[in-house]
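The values are calculated or read from the model by the stated rules, or taken from the named source; none is laboratory data. No experiment lies behind these values; they were computed from the predicted model shown. Positions of Cβ are backbone-derived with ideal geometry, glycine not excepted, and every protein chain shown enters the neighbour counts.
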Amino acid sequence: MASEKAAAEFPLEKVLKHIQEAQLQKAAKLLDTGAVWATKFLWQYPTARVILFFYLEQADTCASREVAESVGLGNRTLP
């Protein structure tokens with residue numbers, strides 16, 4: 001009985017592994033397509049590159065400030 005169960009589980013595991021690999025490949029292809037599209041867009045529109053640069057710079061500054069405040073290193077006024 002146990003050997004029959006193991007024999008039945010083996011093909012199921014193989015199918016599940018194949019499905020997971022197919023979903024992973026589809027996700028990777030989607031990410032690659034998006035990255036290529038974004039690269040072409042930024043190459044075609046230099047103004048968008050400048051805007052993205054300033055946006056990322058500002059987002060990094062805000063994130064750094066939030067992290068510093070969360071650990072108690074924010075700007076405090078002295079008494």
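Remarks
- Within the range 41-60, at least one residue is modelled with pLDDT under 90 and not acidic (Asp, Glu).
Table: residues versus (1) within 17 Å of the chain's Cα centre (by Cα); (2) surrounded by 10 or more Cβ atoms within 10 Å (Cβ to Cβ).
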{"site": "1", "(1), (2)": "no, no"}
{"site": "16", "(1), (2)": "no, yes"}
{"site": "21", "(1), (2)": "no, yes"}
{"site": "30", "(1), (2)": "yes, yes"}
{"site": "35", "(1), (2)": "yes, yes"}
{"site": "52", "(1), (2)": "no, yes"}
{"site": "58", "(1), (2)": "no, yes"}
{"site": "65", "(1), (2)": "no, yes"}
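- Qualifying position, being assigned to a helix (DSSP H, G or I), in contact with a helix residue (DSSP H, G or I) (Cβ under 6 Å, 6 or more places away or on another chain) and among the hydrophobic types (A, V, I, L, M, F, W, C), among 52, 30, 42: 42
- In the range 67-79 there is at least one residue matching the filter, namely being assigned to a loop (DSSP other than H, G, I, E, B), surrounded by 10 or more Cβ atoms within 10 Å (Cβ to Cβ) and among the small types (Gly, Ala, Ser).
- Residue check, residue 47 assigned to a helix (DSSP H, G or I) and exposed (fewer than 10 other Cβ atoms within 10 Å of the Cβ): yes
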